[in-house]
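Take a look at the structure below.
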Amino acid sequence: MKPTKKRMITLLLASMVLIACQKVPITGRKQMTLIPNSEMNALGFSSYAEFLKENPPMPANSPQSLQVKNVGAKLQNAVVTYLSEHGYSKQIEGYQWEFNAVDSKEANAWCMPGGKVVVYTGLLPITKDDAGLAVVMGHEIAHAIAKHGNERMTQQYAAQGVATAASIGLAMSNQTQMTQDIFNQAFGVGSQLGILKYSRTHELEADKLGIIFMAMAGFDPNRAVSFWQDMAKASEGNQKPPEFMSTHPSDDRRIAEIQKALPEALKYYNPSSAGSNTGTKTGTGSGNQGTTPVIKIKK
């Protein structure tokens, strides 16, 4: 290959990288996401539908379902408002928001690309009230808004030697097994859906976006500090790896970073936005009373 041709290819790849690089809302961190939103949403919708076939949602009039839908609707409104006002509406283009509670002893919650959110009833005794639930749901929604899954999948493609928008687009349009495998690995499909191994950067970023979204929705962002303090106490006595050996931040660092972000989040806080349900206590999930389950929040 002639040097001039190599240079042209290098310039082409560089331009594609520049096009693919974008900034995360609120934090402004630059990231590379080469997978079209429409493709991510389609994969998310498909996996969500398959999950609900095996795990039917709680009845719409159940306390757990009403709580999840109520908190979710307020967070959705906050997210849409913020992104619209700050020129990030394309981040949620094609979203079909939906919030469901599923009956499970597991303490877990997740948000698929495209706005499909699931909360396991085993989480509710831990979150205790609407504001506590908003901490977790805001965090999960933030992962989707910040395109952390897209970013991780792009990294996975690069590891497989597929590192350009054109080649990824071809792989996805052909619905290759590689594409499905990478999505499954990223989002835990086939094992524990939604357990994406985010980096420490992603986790802390989702915390910051999440407390701003919950503040805009009318929930006191200070609740995030008490929530994670409760999590730290619950884990006392359990052996945890040092932070440098873990993909998620230590409890101390997470709490410190949230406290650092609180002044900004409090600028958006309007208690009247949450209505009269901010003190609602559910915690009537399936069989978790009297125990402290291990919380799984997309680590």
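Data table
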{"quantity": "Check on SER89, out of contact with any strand residue (DSSP E or B) (no Cβ under 7 Å at 6 or more places or on another chain), open to solvent by 50 Å² or more (accessible area, probe 1.4 Å) and farther than 25 Å from LYS208 by Cα", "calculated": "no"}
{"quantity": "Hits in the stretch 92-128 - residues which are assigned to a helix (DSSP H, G or I) and either open to solvent by 10 Å² or more (accessible area, probe 1.4 Å) or basic (Lys, Arg) (or both)", "calculated": "ILE92, PRO125, ILE126"}
{"quantity": "Residue count, the stretch 45-74 (criterion: open to solvent by less than 40 Å² (accessible area, probe 1.4 Å) and among the polar types (S, T, N, Q))", "calculated": "6"}
{"quantity": "Condition met for PHE213 (in a loop (DSSP other than H, G, I, E, B), open to solvent by less than 10 Å² (accessible area, probe 1.4 Å), modelled with pLDDT of 85 or more and in contact with a Leu (Cβ under 9 Å, 6 or more places away or on another chain))", "calculated": "no"}
{"quantity": "Number of the exception - GLY72 against (1) within 15 Å of the chain's Cα centre (by Cα); (2) at pLDDT below 95", "calculated": "(2)"}
{"quantity": "Residues being under 24 Å from LEU43 (Cα atoms) and part of a loop (DSSP other than H, G, I, E, B) - total across the stretch 64-91", "calculated": "1"}
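The values are calculated or read from the model by the stated rules, or taken from the named source; none is laboratory data. Quick caveat, the model's predicted, so the values are computed rather than measured. Positions of Cβ are generated from backbone atoms using ideal geometry, with glycine treated the same way; all protein chains shown enter the neighbour counts. Areas reflect the complete protein model, heavy atoms only, side chains present, ligands, DNA and RNA absent. Shrake-Rupley method; radii C 1.70, N 1.55, O 1.52, S 1.80 Å.
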